[in-house]
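Engineer: Input: one structure, supplied below.
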Amino acid sequence: MMRFFAAERNVLIVILLNAIVITMMYFPLFRGHPWLDWADKVITWIFVVEAISKMTLYGVRGYFSSGWNRFDFTLITLSLPSLFMGILPIPDTSFWSVLRLLRLLRLLKLFQFVPHIEQLLTGLKRAVRASFMVMAVLALFNFVMALVTCHFFHELVPDLFGDPFVSMYSIFQIFTIEGWNEIPAEIANAVKENNYSSGWLSAYAITVLARIYFATMFLFGGIFGLSLANAIFVDEMTIDNTKDLEKQVDQMQTQLDEITVILKRIENR
């Protein structure tokens, strides 16, 4: 057992060193530095040797029975082309450099040392399932409001609502309480600069209605919608602790009832 933890500790140290090396490689001062490239390849080979050693120790079936091992093997496989760049005729493209960054995902192994991680992951899965419908409704609301907003404001502010996709992103910003007051202000400036009017609506009326429109959208999407989704998510994440507390309270109540019965019997004697 001690050897296992020592090995895991050494692997985590190598993973952290790999993160440092990759980070240094993206500084302009060290970009393309041969020593960093050499260190990166050495670390990759260490991961390859680690995977082969585990397969030899546990067997192929035993190795792949672990989710962490499958995760590691996938990242190692995606990193292999970077080992042969300069040796084999592999094009030196940014694609292979991006695959190197995937090795940083091995830092997720640090989560296995978090206390009660399995319980937390179970709660996370339950929370995602519970809040899925709320998020789906918000996504549908985002889509509908994006089309409505695109219809009314695509001429005034094409950068924000020029087409449905741009409009969906702008509406999403409002839902996340980002720029909800800046967007109406930009519309107001566009109305003022172009002296824009629509039928019987004056420029001032359009500005007022636009502010009311986006404030209402912010209220229902950003405040009520996201708050509801967050409340459901947090409630599902902590429901296990709530159930444990309820069990403890029930046990205490049962014990108090038994003590009360015993005291009454003593008094009757």
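Only the coordinates and a few stated rules stand behind these numbers; no lab work does. Computed from a predicted model, the values in this text were never measured in an experiment. Glycine gets a Cβ as well: all are built from the backbone with ideal geometry, and neighbour counts include every protein chain shown.
Engineer: May I ask you to compute the full-extension gain from residue 254 to residue 64, defined as 0.36 nm times their residue separation minus their alpha-carbon distance, rounded to one decimal in nm? Could you put the intermediate results ahead of the total?
Structural biologist: Numbers: separation 190, 0.36 × 190 = 68.40 nm, distance 4.74 nm.
Contour length minus Cα-Cα distance gives 63.7 nm.
Engineer: What does the net charge come to around residue 169 if you take all other residues with beta carbon closer than 12 Å to its beta carbon, with K and R at +1 and D and E at -1? Before the final figure, lay out each step's value.
Structural biologist: Numbers: positive: none; negative: 159, 163, 178.
Result for the local shell: -3.
Engineer: Would you mind computing the Rg to Rh ratio of the range 119-237 from its alpha-carbon coordinates, Kirkwood style for Rh? Kindly include the intermediate steps, with their values, before the conclusion.
Structural biologist: Details: Rg = 17.1 Å, Rh = 15.4 Å.
Radius of gyration relative to Kirkwood radius: 1.11.
Engineer: Expressed as a fraction of 2.2 N^0.38 Å, the rule-of-thumb size for a compact globular protein of N residues, what is the C-alpha radius of gyration of the range 137-176? Intermediate values should be presented prior to the final figure.
Structural biologist: Details: Rg = 9.0 Å, N = 40, 2.2 N^0.38 = 8.9 Å.
Dividing the Cα radius of gyration by 2.2 N^0.38 Å gives 1.01.
Engineer: Evaluate E = 1/(1 + (r/R0)^6) for residue 192 and residue 234, where r is the Cβ-Cβ distance and R0 equals 35 Å; express this FRET efficiency to the nearest 0.05. Could you put the intermediate results ahead of the total?
Structural biologist: Details: r = 43 Å, r/R0 = 1.24.
Result of the calculation: an efficiency of 0.20.
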